[in-house]
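Reading through the structure tokens given below for one structure.
A short reminder: the numbers here are calculations on the coordinates, not readings from a lab. Since we're looking at a predicted model, the values are computed, not measured. Every residue, glycine among them, receives a Cβ derived from its backbone with ideal geometry; neighbour counts consider all protein chains shown.
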Amino acid sequence: MKIRNFRGGVHPEYNKHFTSDKPIKVLPAPKQVVIPLTQHTGAAAEPTVAKGDAVLLGQEIGKASHAVSASVHSSVSGTVVAVEPRPAINGRSVLSVVIDNDGRDAAESMSGHHDPIQLSAEEIKSRVEAAGIVGLGGAAFPTSVKLNPPEDYKIEYLLLNGSECEPYLTADQRIMEEHTEDVILGAKLLAKAVGADKIVIAVEANKPEAIKKLQALAGSHQIEVVALAIKYPAGGEKQLIKAVLGREVPSHGLPSQIGVLVQNVQTAWATAVACRTGKPLIERVLTVSGDGIKEPSNFLVRVGTPFKDVIEAAGGFVGEPGKVIAGGPMMGLAQFDLDVPVVKGVSGILVLSNKMVKQYEPLPCIKCARCVDVCPVYLMPVRIELYAMNGMWDHAEDYGAMDCIECGCCTYICPSKRELLDWIRVAKTEIVEAQRRQTS
Amino acid sequence: MEGTRLVLSPSPHVRDEDTTQKIMLTVAAALVPVWAAATYFFGFDSIRLVVASALAAMGSEALFLALRRKPITISDGSALVTGMLLGLSLPPSLPTWMAVFGAFVAIVVGKQVFGGLGYNPFNPALVGRAVLVASFATQMTTWTAPFTDAVTQATPLVSGTAGYSELFFGTVPGSLGETSALAILLGGIILFYRGVLDYRIPVGFIGTVVVFSLLFGQDVVYQLLGGSLLFGAVFMATDMVTSPITPVGRWVFGIGCGLILVVIRFWGSLPEGLTYSILLMNALTPLINRWTRPRIYGRGVKDA
């Protein structure tokens, strides 16, 4: 099988062995869920329930409020005890609906379709929108928005992203292996929704079992399964498109401009489930792993479950934890409050022991250019860092700061342990701020 | 879980194991075969000059960091590398105090006055060497034959009296580290294998010299192995701090070094031009970086 590669990228310790052979276990719903109304890229959903209301499982509790937004549903049945700001994984307080679980899982009537592939493109899109589906790879971009690209662009390819290049994470792998049929069905539904003729499922070559299972089912459906180089960030949207199709997304543009729609495999699975059963997105599969966790696992978790419940279900900590991360070690968010809830975009909870959490003093840059060599969008991170440190925002922009995908390869590889990505983030913030000032 | 203290920091949360110190010590380790060969051919002089130069380099670095009220960072290995490189680029009969002087100049004038590690525009070892050549022209061009301390001879590049296999193994007069192509290749392989050496610079450098030697009817093997080209192309031109950071820039840099070397060797009044070829290209490095910026992903592509 030909391995699809891309330029740049790094080889961190993948550490997938902790959980790659752990079947998905259903985590019981907690006594109380905290469901943020912003779990996605875009505007917050507007609450449709108030304190004291009784809610059913799957009932809409937040309505998409804007062109780029997604609706939010209750993951349990019970009583709303508060609609108030609560800490979220991004470190801020986010308006959330707090629901006491009555334990009955009384569900709202859901209307599925016994053979969803018969659904029209419009029906698929409206079901995806109603189910509040967002990209489950991590960025949580509302899927319904992606399914409605600007009309001038014809979508040729649906590219299903099963690379899961973040170290430790195995949730997508397990989905591909345990729910192969739904992944394929979801791919077909998403392709139909945008009128794409061709479906390519791309999986990092370190998941041979998933590739084999997908291929076995794909053969009859004109779906191609391809193997990706085992390298981070193979699953970055731009890197994936370049590796598989040889095309480049225009700078500051969208994949739809080059005829491509990229969706994560778990998003495809959620789409299939929503179309077949009518069940909205109220749970997801995530990996709990790291050397600081007793029993690394893959769990199916209700949205709104506190991190600490998930950690306890995985046997709790081994010794003192150093860092708890929402997501993977390359792009995940470090947490300080373990009451924060699991949201749609949380692909994993990673616990690193104190031993693994190293803090470094940055040393002078020796111009080794490793950051230049590994940058998968071909930037010169060391230059942008230098300009950012000196407040030269226009130079930072000229060197492509806004093209940075924040994959972290530069900081990862730097032998002088410099905070390259941090400084690029500073530059991006300043550049956006300057543009805002100019237009207002 | 109460009372747990968690570390907060932005992503990425894992780092590569490699450090500046490991890179520098790798270069030092790659110089060991070269030094061993030099010691085999030239005896105690090799130990005397390399040790003196390395100690003087580290001492000067510590002294000037103290004067600048900076942390003493000689454990990063960069001064050790500079000292070893300078020592190995000296003729075997050079007095010890000249080596010490050269190392002092390399570290102080070549590096510390610009702000220390990472900020120097020129390869410090070559700055030291250039000052020694200018100050002690006779001593710096007086060579001894291997296995003897017998009299002065020109390097094979000038004399043209050595067999090809002698050139390859290094049993010819020359500076300590430059005579043995075999040892230098071994060091180069260590550097390349450890990801410390970018192949573009040595390939561009040596390739250019080969092409022009053929064009102008010179003996290619002599041009390659008779002087300090190999040592310089593998160990000096590839100095990270003073060479370009872009992939294309490294080609330009290597080819530029080759062109200048050829001009000096074929038409200049000096027998060898390695030091100046690299120093001149060091000066151009910031411009090369500016002119060879990589094309950013998604720039210059059309919509479907």
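If you go through segment A:204-212 one residue at a time, do you hit one that is away from every other protein chain (no Cβ under 14 Å) and either among the hydroxyl-bearing types (Ser, Thr, Tyr) or assigned to a strand (DSSP E or B) (or both)?
Checked segment A:204-212: at least one residue is away from every other protein chain (no Cβ under 14 Å) and either among the hydroxyl-bearing types (Ser, Thr, Tyr) or assigned to a strand (DSSP E or B) (or both).
Among A:ASP373, A:ASP394, which is at the interface with chain B (Cβ under 8 Å from one of its Cβ atoms), among the acidic types (Asp, Glu) and in a helix (DSSP H, G or I)?
The conditions single out A:ASP373.
For segment B:40-56, indicate whether the set of residues that are part of a helix (DSSP H, G or I), without any contact (Cβ under 8 Å) to a residue 40 or more places away in the chain and within 13 Å of another protein chain (Cβ to nearest Cβ) is non-empty.
There is no residue in segment B:40-56 that is part of a helix (DSSP H, G or I), without any contact (Cβ under 8 Å) to a residue 40 or more places away in the chain and within 13 Å of another protein chain (Cβ to nearest Cβ).
Quick check on my filter: what residues within segment A:26-59 are in contact (Cβ under 8 Å) with a residue 24 or more places away in the chain and more than 24 Å from A:ASP309 (Cβ to Cβ)?
The answer is A:THR41, A:GLY42, A:ALA43, A:ALA44, A:ALA50, A:GLY52.
Can you find a residue in segment A:97-112 that is of a type in the set (Lys, Arg) and in contact with a Cys (Cβ under 7 Å, 6 or more places away or on another chain)?
no
Just wondering, is there one or more residues in segment A:406-415 that are surrounded by fewer than 21 Cβ atoms within 10 Å (Cβ to Cβ) and not acidic (Asp, Glu)?
There is no residue in segment A:406-415 that is surrounded by fewer than 21 Cβ atoms within 10 Å (Cβ to Cβ) and not acidic (Asp, Glu).
Going through segment B:211-243 one residue at a time, which ones are without any contact (Cβ under 8 Å) to a residue 60 or more places away in the chain, within 14 Å of chain A (Cβ to nearest Cβ) and either of a type in the set (Asp, Glu) or out of contact with any Pro (no Cβ under 9 Å at 6 or more places or on another chain) (or both)?
B:SER243
Among the residues of segment A:234-266, write down those that are assigned to a loop (DSSP other than H, G, I, E, B), more than 9 Å from every other protein chain (Cβ to nearest Cβ) and on the phi < 0 side of the Ramachandran plot.
A:ALA234, A:GLY235, A:GLY236, A:LEU254
Let me confirm something: among B:LEU94, B:LEU86, B:LEU90, B:LEU65, which residue is aliphatic (A, V, I, L, M), under 25 Å from B:ALA233 (Cα atoms), touching a residue at least 12 places away in the same chain (Cβ under 8 Å) and not in a loop (DSSP other than H, G, I, E, B)?
B:LEU86
I'd like the residue in segment A:8-21 that is surrounded by fewer than 18 Cβ atoms within 10 Å (Cβ to Cβ) and touching a residue at least 40 places away in the same chain (Cβ under 8 Å) and, out of all such residues, is nearest to A:LEU169 (Cα to Cα).
Ranking the qualifying residues of segment A:8-21, first place goes to A:GLU13.
Does A:GLY400 meet the test of being of a type in the set (Gly, Ala, Ser) and within 7 Å of chain B (Cβ to nearest Cβ)?
yes
Within segment A:430-437, can one find any residue that is surrounded by fewer than 24 Cβ atoms within 10 Å (Cβ to Cβ) and within 29 Å of B:VAL196 (Cα to Cα)?
no
Restricting attention to strands (runs of 3 or more DSSP E) lying wholly within segment A:275-337, give those where 1 or more residues are touching a helix residue (DSSP H, G or I) at 6+ places or on another chain (Cβ under 9 Å), within 14 Å of chain B (Cβ to nearest Cβ) and among the hydroxyl-bearing types (Ser, Thr, Tyr).
Strands (runs of 3 or more DSSP E) meeting the threshold: A:283-289.
From the residues in segment B:283-303 that are surrounded by 15 or more Cβ atoms within 10 Å (Cβ to Cβ), more than 20 Å from A:GLY236 (Cβ to Cβ) and touching a helix residue (DSSP H, G or I) at 6+ places or on another chain (Cβ under 8 Å), which one is farthest from the other protein chains (Cβ to nearest Cβ)?
If we take residues in segment B:283-303 being surrounded by 15 or more Cβ atoms within 10 Å (Cβ to Cβ), more than 20 Å from A:GLY236 (Cβ to Cβ) and touching a helix residue (DSSP H, G or I) at 6+ places or on another chain (Cβ under 8 Å), then B:LEU284 is farthest from the other protein chains (Cβ to nearest Cβ).
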